[in-house]
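> Quick one: the structure is below, questions incoming.
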Amino acid sequence: MLDNSIIVFTTDNGGAAGGFNNNAASNWPLKGTKDTLWEGGVRGSAFVWSRLLRRSSVISTQLMSIEDWLPTLYSAAGGNVSDLGPGIDGIDMWDVLGSDSPSPRTEVLHNIDDVRNVSAIRVGNYKLVLGRTYGGRFDGWFEPLRKEIVRRPFGISEGSVLDSVLGGPLTEDRVNELRRAALVECGPVPANASKSCNPAFPCLYDVLSDPCEFHNVASDHKDVVAQLLDRLRFYRSTAVPPRNRPPDPDSNPTKHGYAWVWWE
């Protein structure tokens, strides 16, 4: 079975840091939390294992978006992506993950929320952010509460069952090497970083060289800002009206044996 299996662990969004929903996650050193459009809220991490991959024990940094999983896994399972129909949003990334080739994806629409007046898009290295959620309460950099806790990597010894499954020992040194390769480092948060972005205006970041979004470069690249605003206008023109409904107090689990159930 393992010869024909693909195991994927992935995230849906950044962690709930800074006390968001009384949680204590950490996206450090990235800015923001879950339900924000900063990198700490939208940049995900994932793990893929399969003997079908042409390379293994590597860090992939090619641009990928969540909608790419459908055509990617469909293709890996032997399907023809064209069978999924024309105009799907996702891109088949299976060959990219199995090689060191560039990503065919060049842009990611993070969100357009006309109810809360927030939106963000990335094109190439540049990311444009407009507006803020929660009044900016989570527009910061939240260090882990217990930075001194560093878990020792789990090594796989030669001759073990996992060694035979993985096709070779995964030593503690190799795990540490992969951790270092995946690490995002930005240095100390500049004193003016929290004031560099006025949410009333578009904020622009080169997230390849500045993944922690310290430096708003909108004033230096007005042409890029204009291009990304055009892309947002294009996507907005294709959107359907939101169908958000007001909260219904009858849905409260306390009225249904403290369980989330359908109440209508």
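The values are calculated or read from the model by the stated rules, or taken from the named source; none is laboratory data. Predicted model, so just to flag it, every value in this text is computed and none were measured. Please note: Cβ atoms are built from the backbone with ideal geometry, for glycine as well, and neighbour counts cover all protein chains shown. The area values use the complete protein model at the heavy-atom level, side chains included, leaving out ligands, DNA and RNA. Shrake-Rupley method; radii C 1.70, N 1.55, O 1.52, S 1.80 Å.
> Residue under question is Leu97, and the condition is that it be touching a residue at least 12 places away in the same chain (Cβ under 8 Å), over 28 Å from Pro199 (Cα atoms) and touching a strand residue (DSSP E or B) at 6+ places or on another chain (Cβ under 7 Å); does it hold?
yes
> Give the residue, chosen from Leu128, Leu63, that is of a type outside the set (Val, Ile, Thr) and either part of a loop (DSSP other than H, G, I, E, B) or farther than 30 Å from Pro199 by Cβ (or both).
Going through Leu128, Leu63 in turn, just one is of a type outside the set (Val, Ile, Thr) and either part of a loop (DSSP other than H, G, I, E, B) or farther than 30 Å from Pro199 by Cβ (or both): Leu63.
> Under the condition of being at pLDDT 90 or above and of a type outside the set (A, V, I, L, M, F, W, C), which residue from segment 138-164 is surrounded by the most Cβ atoms within 10 Å (Cβ to Cβ)?
Only one residue fits best here, namely Asp139.
> Select, from Leu53, Leu37, Leu70, the only residue that is in a loop (DSSP other than H, G, I, E, B), under 21 Å from Asn111 (Cα atoms) and either at pLDDT below 95 or not small (Gly, Ala, Ser) (or both).
When all the criteria are applied, what remains is Leu37.
> Taking the condition out of contact with any helix residue (DSSP H, G or I) (no Cβ under 8 Å at 6 or more places or on another chain) and not basic (Lys, Arg), does Ala16 pass? Spell out how you get there, then give the answer.
Numbers: out of contact with any helix residue (DSSP H, G or I) (no Cβ under 8 Å at 6 or more places or on another chain): yes; not basic (Lys, Arg): yes.
Spelling it out, Ala16 is indeed out of contact with any helix residue (DSSP H, G or I) (no Cβ under 8 Å at 6 or more places or on another chain) and not basic (Lys, Arg).
> Looking at (1) loosely packed, with under 10 Cβ neighbours inside 10 Å; (2) of a type outside the set (Val, Ile, Thr); (3) in a loop (DSSP other than H, G, I, E, B); (4) at pLDDT 95 or above, can you tell me which one Asp223 breaks?
Among (1) loosely packed, with under 10 Cβ neighbours inside 10 Å; (2) of a type outside the set (Val, Ile, Thr); (3) in a loop (DSSP other than H, G, I, E, B); (4) at pLDDT 95 or above, the lone unmet condition for Asp223 is (3).
> Please state which one of Ser75, Ser65, Ser50 is in contact (Cβ under 8 Å) with a residue 12 or more places away in the chain and open to solvent by 20 Å² or more (accessible area, probe 1.4 Å).
Exactly one residue qualifies, and that residue is Ser75.
> Continuing with this model, one more query. Is it the case that segment 203-210 has a residue that's open to solvent by 60 Å² or more (accessible area, probe 1.4 Å) and over 19 Å from Asn125 (Cα atoms)? Steps first, answer last, please.
First pass over segment 203-210, keeping only residues open to solvent by 60 Å² or more (accessible area, probe 1.4 Å): 208-209.
Now drop any that are not over 19 Å from Asn125 (Cα atoms), which leaves none.
Among the residues of segment 203-210, not one is open to solvent by 60 Å² or more (accessible area, probe 1.4 Å) and over 19 Å from Asn125 (Cα atoms), which makes the answer no.
> Restricting attention to segment 236-261, which residues are touching a residue at least 12 places away in the same chain (Cβ under 8 Å) and open to solvent by 60 Å² or more (accessible area, probe 1.4 Å)? Working first, answer last.
Start the filter on segment 236-261 by keeping residues that are touching a residue at least 12 places away in the same chain (Cβ under 8 Å), which leaves 236, 239, 242, 244, 248, 250-251.
Of everything in segment 236-261, those that are touching a residue at least 12 places away in the same chain (Cβ under 8 Å) and open to solvent by 60 Å² or more (accessible area, probe 1.4 Å) turn out to be Arg236, Ala239, Pro242, Asn244, Asp250.
> Among the listed residues Ser75, Ser82, identify the single one that is part of a helix (DSSP H, G or I), touching a Phe, Trp or Tyr at 6+ places or on another chain (Cβ under 7 Å) and not acidic (Asp, Glu). Talk me through it step by step, then tell me what you get.
On the way: Ser82 fails: touching a Phe, Trp or Tyr at 6+ places or on another chain (Cβ under 7 Å).
None of the other options fit; the residue is Ser75.
> Of everything in segment 125-137, what is within 18 Å of the chain's Cα centre (by Cα) and open to solvent by less than 30 Å² (accessible area, probe 1.4 Å)? Give them in sequence order.
Passing the criteria: Lys127, Leu128, Val129, Thr133.
> Can you confirm whether Asp95 is at negative phi, assigned to a helix (DSSP H, G or I) and open to solvent by 50 Å² or more (accessible area, probe 1.4 Å)?
Against the criterion (at negative phi, assigned to a helix (DSSP H, G or I) and open to solvent by 50 Å² or more (accessible area, probe 1.4 Å)), Asp95 qualifies.
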